[in-house]
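Worksheet: one structure, shown below.
Only the coordinates and a few stated rules stand behind these numbers; no lab work does. Note that the coordinates shown come from a computational prediction; the quantities given were computed from them, not determined experimentally. All Cβ positions, even for glycine, are placed from backbone atoms using ideal geometry, and neighbour counts span all protein chains on display.
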Amino acid sequence: MLVTVESTGTLERRMRVELPAERIEKEIESRLKSVGRTAKIKGFRPGKIPPKVVRQRYGGKIRQEVLSDLMQKSYSDAVIQENLNPAGGPKIEPELAKGDKGFAYVATFEVLPEINLKGLDKIEVTKPEVEINDKDCDDMIQNLRKQKAVWSTVDRESREGDRVIVDFSGTLKREPIKGGEGKKVPVDLGEGRMLPDFEKALLGVKGGDEKSFKVKFPKDYHDEALASKKVDFEAHVHQVEEEELPPLDDTLAELYQVTDGGLAALRADVISNMQREAEQRVSADIKEQALNGLVDANPIEIPNALKEQEIHSLQHDAMRRLGIEDHDKAPPAENFAKAAERRVTLGLLVRQLISDNNLTTDPDLVRKQVEEMCASYENADDMVAMYMSNEQVMAQIEPMVLEEQAVEWLIEHGVAKTKKIGFQEYMNS
C-alpha cells in the first residue's frame, strides 16, 4: 500500500492510503470461493455453482466487505508504519484510485502531542503542618454536645442561642417574593443561616407574637430581583425553644457508644479523627499543588477529540448525580469544557511523567489502597482478598495508585516547604 501524510494543523493529520487492485481482487477471489462452497442457489447443487454465477450474485456485497475490512486493517498498519499516535478515531473518506481497480481513502484524525516535560525540579509544594491543640478538641467536643442537644419550649423572650419556630411571608412592593414563605420554620438565632436582619428581628420575641419587619438583601444575592432590595416580612411566632446540652462527663461518651474510658476516651477518639481528617486534606492539598505546578510549567495543546470525550463523560456523571435520564435535559456541555481541558491536560502530562521515569505500580501501595477501601467492612480481610483477585477492580485501582506515585515523584524532585498552621484555620480556609 502507498501511504502519504500531511499536517493540516498542530495536531491534525491527513493520511491518504492507496490499496493496489491486486490485493483487493485476491481477497475478493478468496472469499468468493469460500462462499461458493456453501451457497444455495436454485438450479445448482451446493458446491457446484459456477464461479461466474457466484460472482454475479455475491460479488458486489463481498467487494464492499473486503474494502471495509481492508480499510480497517490498512489504517492500523499505516499508523504504525508512519509512527503516528492517534488521539481518537479517524474520519474516513473513500475515493477511487486512478487508472485501475485499486482503492484509496483519506483518513483525517488528531494525534497526541509530543511532550517534553520541563521545570519539574522547580515545582514548589508547601506542606501544611497542622497543629491540633486543646481548644480545637474542646470546640469539637462542644459540636458533639450540640448534635445531641434537646430543645425545650420556654416562656420568655428569645435571645441568641435560642430556636424560634415561626411562620413568615415576604413581599416586595406588596407582591409575594419567590421562596419568601415558610410554615413552622426553625430559626437558630446566632447561627447565621438566615439573613442578618431576619435573625435580628426575631430576638426578643415570645410564643404567640406577631411581628412586621424589613430585611435588606445583600448586593450579591443569588436572585437578582431581590439583590439590594428591602423586603417586608410578616411573622407569627409559634414558640421559643432553649437548647439543653448533655453534660460534659462520661454520659456524653456513652451517647457516642464509647463505653470504655468515658470522656477521656472520647477526647482521644476526637483527636484521632481530627488528625486523620487533617492528613487527608493535606494529602489532597499537596497533590493539587504538585499537579498545578506540572500544568503551569508545561502548557500543551490537547486534541479536541479527547476534550470532547471528557466533556461527554463529565456531562453523564452530572446527569447520573442529578437523576436526569433525558439527555435533552442534561446540563450544557460548555459547563464542563474548562474541567475537561484540565483533566485531559493532566492525564497526558502525568502519563508522560510516568513513561519518562519508568514508574511502575507498587504492589504494596495497591494492597494498602484496597485495605483502606475495605476497612469499614466487618469481613475486611475477605473483601480485600476478593478485590485483589478481581481484574476489573484492579484495573481501576492500579492507575489511581500509579498516579499517586507520580505525584510523590513530583514532590520529591521539586521544591518542598513546610508551613505550620492551626487546625481551625486550615480546615476552615
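The figures follow:
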read-out: Length added when fully stretched, Ala268-Met400, from 0.36 nm per residue minus Cα-Cα; value: 44.3 nm
read-out: Calculated over the stretch 339-429: convex hull of Cα atoms, volume per residue (Å³); value: 173
read-out: Anchor Lys214: lysines whose Cα lies under 27 Å away (excluding residues fewer than 8 positions away in-chain); value: Lys173, Lys178, Lys183, Lys184, Lys200, Lys206, Lys229, Lys230
read-out: Two-site label geometry, Tyr377 and Lys230: point separation in nm, points 7 Å out along Cα→Cβ; value: 6.3
read-out: Burial ordering of Ser158, Ser429, fewest other beta-carbon atoms within 10 Å first; value: Ser429, Ser158
read-out: Debye-sum result for the chain in log10 I(q)/I(0), which assumes one identical scatterer on each alpha carbon, at q = 0.12 Å⁻¹; value: -1.27
read-out: Where only C-alpha atoms are counted, convex hull volume of the stretch 150-244 per residue in Å³; value: 88
read-out: Contact order normalised by residue count of the chain, Cα under 8 Å, 6+ apart, percent; value: 18
read-out: Centroid-to-centroid separation of the stretch 52-85 and the stretch 358-399 [C-alpha atoms, Å]; value: 44
read-out: Relative contact order (%) - the stretch 150-244, alpha-carbon pairs under 8 angstrom, separation at least six; value: 42
read-out: Within the stretch 147-283: Cβ-based charge dipole about Cα centre, in debye rounded to nearest 20 (Lys, Arg +1; Asp, Glu -1); value: 800
read-out: Label zone at Lys178, where the point sits 7 Å out along the Cα-to-Cβ direction: the stretch 205-228 residues whose backbone N lies under 20 Å; value: 215-228
read-out: Rounded to whole Hz, the Karplus (6.51, -1.76, 1.60) HN-Hα couplings of the stretch 334-346, x for glycine and proline; value: 5, 5, 10, 4, 5, 5, 5, 4, 5, 5, 5, 4, 4
read-out: Under 12 Å from Lys419, Cα to Cα: aspartates and glutamates that are on another chain or at least 8 residues apart; value: Glu129, Glu131
read-out: Shape call, the stretch 216-289: gyration tensor on alpha carbons, a/c limit 1.5; value: oblate
read-out: Under-24-angstrom lysine pairs by C-alpha in the stretch 2-110, whenever the two are 8 or more apart or on separate chains; value: 29
read-out: Estimated inter-spin distance, Thr38 and Arg321, nm [label 7 Å along Cα→Cβ]; value: 5.1
read-out: Relative contact order [Cα under 8 Å, 6+ residues apart], the stretch 36-139, whole percent; value: 15
read-out: Rounded to 10°, Cα long-axis angle of helix 363-374 versus longest principal axis of the chain; value: 50
read-out: Additional length obtainable on full extension of the chain from Arg367 to Glu277, 0.36 nm per residue less Cα span; value: 30.2 nm
read-out: Two-site FRET efficiency, Glu65 against Arg45, from Cβ-Cβ distance with R₀ of 22 Å, rounded to 0.05; value: 0.30
read-out: The chain: angle of helix 51-81 to the longest principal axis, Cα-based, in degrees nearest 10; value: 60
read-out: Qualifying GluC sites (Glu not before Pro) in the stretch 303-392, DSSP loop, other Cβ atoms within 10 Å at most 14; value: Glu325, Glu378
read-out: Net dipole in debye of the stretch 2-110 [+1 Lys, Arg Cβ; -1 Asp, Glu Cβ; about Cα centre; nearest 20]; value: 1240
